[in-house]
Structure formats: C-alpha cells, structure tokens
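Asker: Here's a structure for you.
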Amino acid sequence: MIVDSVILNAKAYLKGQITDCCIAIEEGIIHKIGKETQMPNADQKINLHSRLLVLPGLIDTHVHLRDEGKAYKEDFTSGTSAAAAGGFTTVLDMPNNTPITMSAQTLRNRIETAQRRIVVNTGFYSEFPQTLPEIKEIANQGAVGFKLFMGDQIGGVNIDDNTAITEALKATTEVKLPVAIHAEDHTLLATNEAKLKQAKKTAPADYLRAHTKEVERVAVERIIKLSAKTEAQLHFCHISTKEGVATITEAKKTQKNITCEVTPNHLMLSNEEVERYGALAIMAPPLRDRLEVEALWQSVNEGLVDTFGSDHAPHTLEEKQANNIWEVKAGIPGLEVTLPLMLTMVKKGKLCLEQVVSHLAENPAQIYGLTDRGYLKAGQAADLTIVDYQNPFKIDASKFKSKAKFSPYNGWEVNGKPVKTIVGGQIVYEENEVVAKGGTGKIVRGGAR
C-alpha cells in the first residue's frame, strides 16, 4: 500500500506521554502510528527535527471570525489563517455577527460564504432564533451549538424572561446540541452602567466597576437554576471569578451536562493591565485582580475547568482607542498567542502538557461531539499541531495573520511556537506562512453530523 504521506521522527503526544514514532496519513485520516519499519510507502515524507513536538490538532471552541458585515475587523481568510498560525486545526465561530447568525438562512449563508475561504476546519454557533421550532431547522443546517449572551439582548430569546430561556434550553435537548453561555447579568450590568454614565465616568477603570464579580455570579446562578428544570448541556464561556467556578463546580454534582472554559487572558493578565494599557485591555468579562487570577489557576489545577478558549475577538485599533470607555469595543485577538502562552506555563511549572492537550483538544472534542478529532490515533482526522517547544521567541503582534495587529502580550518571550499546522493531512501553515488555499478547511457540523 502507498499512502499519501508519512511523518518521520515525530515526538508525539500519545496516550498521555511523548512517544518517538512515525505517523502515516491517507485521505485525510491517520492511517497508522508506529515505528518507521512499520510504515507503508508514501507519496510524501515529512521529516521532523528532533526538537519538534507533535500534538493532536487543537480545537478552539470560542472564536469570533467576523466577516460579512464585520469583515473590516476580520474575515474568514484572515481569521482561519490566524488559527493556523496559532496551531488550531478546528475553530468554532460565535454568532454575534452582522447579520446575527440566528436562523437557518443566516447560518446557511455564513457556511456558504466561509467554505470557499477557510484554511482550517470551522464550525458555527447560532444565537437562539425568534421561535422555538426554528431550533430544529438550525440544528439540521449544521450548527455546532447555540449561544446565550446574557449581558445584552442579541438573539431571539428574551434574556429577561426566565420562562422563555427555560423553554429554549429544553428545545436544545431535542437536537442534542450544547448551549454556550456568556454569563453576565443584563439587569445588574445595565444598572451599574447607567449609574456610571450618569456620573460621567468614562475611564477604562469604570468599565471594571460596571462588570463586577457579582454580575458574573448572578448570571451563573440564574442559568444553572433555570437549566435544572431541563437536561440542557451548558458550556460556560470565559469564567473569570472564583465564585463563578465554585458555583459551576457545585452544580456539576447534580447536573452532569455542565462544563466551563477559562481564557488565557484571565489567567495571564489582571486589572493591572487595564491601568497599563487602558482600553486596549478591555474585554468582557473584564480582567480581574491578582487574587482572582490566582484563584483561577488553582481551579485549573484542581481539575475544575474543562477547556481553554481564546475568545479571539478582533477589532480595529481605532475601535479600541475611543476616549469614552462606553464606546470601546471589548475583546482582543487570541488565536496566535493561546498555545505559546499555555506551553510557556508548562515550562514554568504552572501547567502540565497533559492539561494543555486535554483543554485545547480532547475536552473540546468531547463536549461538542467532534468524535473524529482531538486525539492522535488511527482512524481520527489527520489534524496535527507541530510546535517548537525548545526555542523561545517573542510575540510580535505586527506579524499576526489576524487583521487585529495589537496585543497586550506584544514583546512577551514565550515558548511553543507552532511551526507546522496540518489539516486533513495537508500542511496549511509552515515557516511563518499560510501555504494552503481557501477551502482547505472543512465545515464542521454539530455532533460530527
């Protein structure tokens, strides 16, 4: 037998340990993993250097690829190029777009636009639609999940109506799709903002005063209470407080379909960065104080956090530099820094490699029903992330593939630079360049449909 390619001299993360091996790939699938003498002949041989580490293709379940009406911030080509440069082979795109992805038609249009441009595998969330029967139509169209943004009214479900939310959650159980939760309480947040605006408070620090820890806690408690009446699968996005994690952890004892995510930003940065960088470091939820950061690290290392998500949220620099904080767009680009930041924490002993792989590949695959990826083993998609784990490098935001070429991490020295990203057996990124054409990535559908 002659296969498409064989990767030689791999140091690969297999079953919890780094193993010297070779990997045979045929028709986009891992055909065999073993010693070189066990490998079939191949049309192409990829010989790796000894310093390189091969990981399962990484999965980021929390990205904002923009495009359509927000293409000036990011588009499918630039966003998935950023993913490839960051070592991500699969990304799941959030629905707060223009137009909002919240119907079978808007989802269909988004998929049709994306499939010609993406260089890594891409799935799409939907906001909740205007009517509950549409949930099934959206699921049939291929949504990977639904998003419930509790801080502002974006989708079709009234976020101030507990009955409407409960019924929407029940409807997702019929299509067996998860619901990603942005847990910030709309009422409390609006009250805080109104008081600050009335007092003419417009500084970056005032944003933190509006998005308090209580805003997160109240939202987490509310949605857990409502979901207890259903069997909905909840995945809490970017949890930023000790109380938030503790509330979710307690709920997991009785509700098995609950998981949570933490971003690298809330582990690596604190409110001190808001003082240093101003609006550039504004995100939602905001950066917290050092005590909360350390509490999040403790939660990660106690196994209370399930995934890391970049919350890649590109904006123009002008949108980040408005003088009035209430006019600033929240979020920063994250796809190209997430893996190096986390691997640097492995170097420093704050994480282990097993946690990086579980939180950026295995757990995301399991939570979102992506059964054909997340692991290096025969029969899985040939999605591989190859990193130089030994040599440090400096983050240079000016060289991001994303359109958003700014970062509070600019100039940081980190480890774990992605040097090759392989999607479906094809090299899409190497030597600092995207080498694949748009359309190389495939559309990912919910539950591996």
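None of the figures in this text is laboratory data; all of them are computed from the coordinates on show. Predicted, not measured: the structure shown is a model, and the values here were computed from it. Cβ: placed from backbone, ideal geometry, glycine included. Neighbour counts: every protein chain shown.
Asker: Which one of ILE367, VAL120, ILE154 is farthest out on the positive end of the charge dipole of the chain, using unit charges on Cβ (Lys, Arg +1; Asp, Glu -1) and the Cα centre as origin?
Answerer: Of the candidates, VAL120 comes out farthest on the positive side.
Asker: What value, in deg cm²/dmol to 500, does the helix sum -39500 (n - 2.57) over DSSP H runs of n ≥ 4 give at 222 nm once divided by the residues of the chain? Intermediate values should be presented prior to the final figure.
Answerer: Details: 15 runs with 137 residues, N = 449.
Helix contribution divided over all residues of the chain: -8500 deg cm²/dmol.
Asker: Going 7 Å from the Cα of ASN323 toward and past its Cβ, which residues in segment 273-287 have a backbone nitrogen under 18 Å from where you end up?
Answerer: 278-280
Asker: So what is the relative contact order for segment 117-204, in percent, with contacts set as C-alpha pairs under 8 Å and at least six apart? The partial results should precede the final answer.
Answerer: Values: 103 pairs, mean separation 25.0, N = 88.
For segment 117-204, the relative contact order is 28 percent.
Asker: Expressed in nm to one decimal, what extension gain is obtained for the pair ALA203 and LYS225 from 0.36 nm per residue of sequence separation less their Cα-Cα distance? Intermediate results must be reported in sequence, preceding the final value.
Answerer: Values: separation 22, 0.36 × 22 = 7.92 nm, distance 3.48 nm.
Full extension of this stretch gives 4.4 nm more.
Asker: Here are a few candidate values for Cα extents along the principal axes in Å: (1) 71, 48, 42; (2) 66, 64, 41; (3) 64, 46, 46. Which one was actually calculated from the structure I just gave you?
Answerer: Read-out taken from this structure: (1).
Asker: Assuming R0 = 51 Å, what is the FRET efficiency of ASN162 and GLU354, from their Cβ-Cβ distance, to the nearest 0.05? Show your work: numbers first, answer last.
Answerer: Values: r = 40 Å, r/R0 = 0.78.
Working from the Cβ atoms, E equals 0.80.
Asker: Relative contact order for segment 381-449: what is it in percent, counting Cα pairs under 8 Å that are at least 6 residues apart?
Answerer: Details: 94 pairs, mean separation 21.8, N = 69.
Reported relative contact order: 32 percent.
Asker: What fraction of the DSSP beta bridges in segment 58-367 is antiparallel, stated in percent and rounded to the nearest 5? Provide the component values of the computation, followed by the final result.
Answerer: Numbers: 1 of 25 bridges.
Restricted to segment 58-367, the bridges split so that about 5 percent are antiparallel.
Asker: Give me the distance in nm between label points sitting 7 Å out from Cα along the Cα-to-Cβ direction at GLU250 and THR113, one decimal.
Answerer: Result: 4.3 nm between the two label points.
Asker: Placing +1 on the Cβ of each Lys and Arg and -1 on the Cβ of each Asp and Glu in the chain, which of MET102, ALA84, TYR207 has its Cα farthest towards the positive end of the resulting dipole?
Answerer: Positive-end residue among those listed: ALA84.
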